[in-house]
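Reading through the structure tokens given below for one structure.
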Amino acid sequence: MIDNYLLEELVAFAKYNTLAQTAEHLNVSQPAITRGTKKIEEELGLKLFERTPNKISLNETGKFAAKKAAEVLAMNNNFVSEVQSFDQSQKQITIASTAPGPLIVLNQLDNSNLAIQDELLPSDKLKQTLINEQYTIVFTNSSIKNDKIDSAYLGVEHLIANLNEFTPLASQTSVSFSDLHGMSFIVLQDIGIWRELIQQKIPDAKFLYQSKRSDFDEIKNYSIFPYFTTNLSVFDPRWEEKDQVDRIPVPISDKDASMSFYANYLSKNKERVMPLIQDIKDVWAKTD
């Protein structure tokens, strides 16, 4: 087996074309690179370099070898990264979600063994992230169907419209999506699968998306724009009741305004994840 350092030297030489620049790039001496070029030829039993008194260059076999060496190094690096990630996954429970609600509930739990992905996942390729063990648990609004994956029901998240107290709709016990037509809402940009839903279900509405929570809060607190929360927002310390004195929370009655959520995980990890999942369900149940 050829040592990695010889492959690295070969790839570097193919890029820089001189012993001096290769040595400088790898932070070694030029004689060390010269010895390396001879050693790799000896180990392969092939001539890779054309040598003249004033110049050394790769022959065609050398160029091919350098290309293959780059591929081997990339595979080796990927091997190390994947093994390290797998080892970390055995120590930590890594979690991602397609919506913020389940993560809000999760943050109620005191568990230092959790690694939570704050950026919400798109709905495609969820299955593969579990099979590749990129995440231990993925929260979604439907169970993932695969013979290697199990799902556990967590609870239901209900969408709520927070309306200015002087808006006629604010006096109602509930509203429908159609009742909200033509209104302008301030909305946090990263709300995952809820974003597509409100855009589809509220006719002619305008959504003023804010990428920063600080900007969202400032506009919310100094305007009369309606905004959305859910039954899980009570667990989010960033939603202060004092900031909602001029808004009335009104549940949205449409069936689509309620989503069931599931924890999806590899079947082989069931014993590891079920205690955590039960804790999440217990917290979620407090909103019923």
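The values are calculated or read from the model by the stated rules, or taken from the named source; none is laboratory data. This one's a predicted model, so the numbers in the text were calculated from it and none came from an experiment. Here the Cβ positions follow ideal geometry from the backbone for every residue, glycine too, while neighbour counts run over all protein chains shown. Remember, those area values only see protein heavy atoms, side chains included, never the ligands or the DNA or RNA. Shrake-Rupley method; radii C 1.70, N 1.55, O 1.52, S 1.80 Å.
Okay, residues lined up against (1) free of Cβ contacts under 8 Å to residues at least 60 places away in the same chain; (2) β-branched (V, I, T); (3) touching a strand residue (DSSP E or B) at 6+ places or on another chain (Cβ under 8 Å):
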residue: T37; (1), (2), (3): yes, yes, yes
residue: L48; (1), (2), (3): yes, no, yes
residue: K55; (1), (2), (3): yes, no, no
residue: M75; (1), (2), (3): yes, no, no
residue: V83; (1), (2), (3): yes, yes, no
**Message:** When you scan region 122-139, do you find a residue that is assigned to a helix (DSSP H, G or I), under 25 Å from T287 (Cβ atoms) and open to solvent by less than 60 Å² (accessible area, probe 1.4 Å), even just one?
**Reply:** yes
**Request:** Taking the options G101, G36, G62, name whichever one is closer than 25 Å to I191 by Cβ, in a helix (DSSP H, G or I) and at pLDDT 90 or above.
**Result:** G101
**Asked** Which condition number in (1) farther than 17 Å from I2 by Cβ; (2) modelled with pLDDT of 90 or more is the one that N54 fails?
**Response** (2)
**Request:** Could you check how many residues of region 143-181 are free of Cβ contacts under 8 Å to residues at least 24 places away in the same chain and open to solvent by less than 10 Å² (accessible area, probe 1.4 Å)?
**Result:** 0
**Fill in**
Restricting region 211-234 to residues that are aliphatic (A, V, I, L, M) and modelled with pLDDT of 90 or more, the one nearest to L163 (Cα to Cα) turns out to be I224
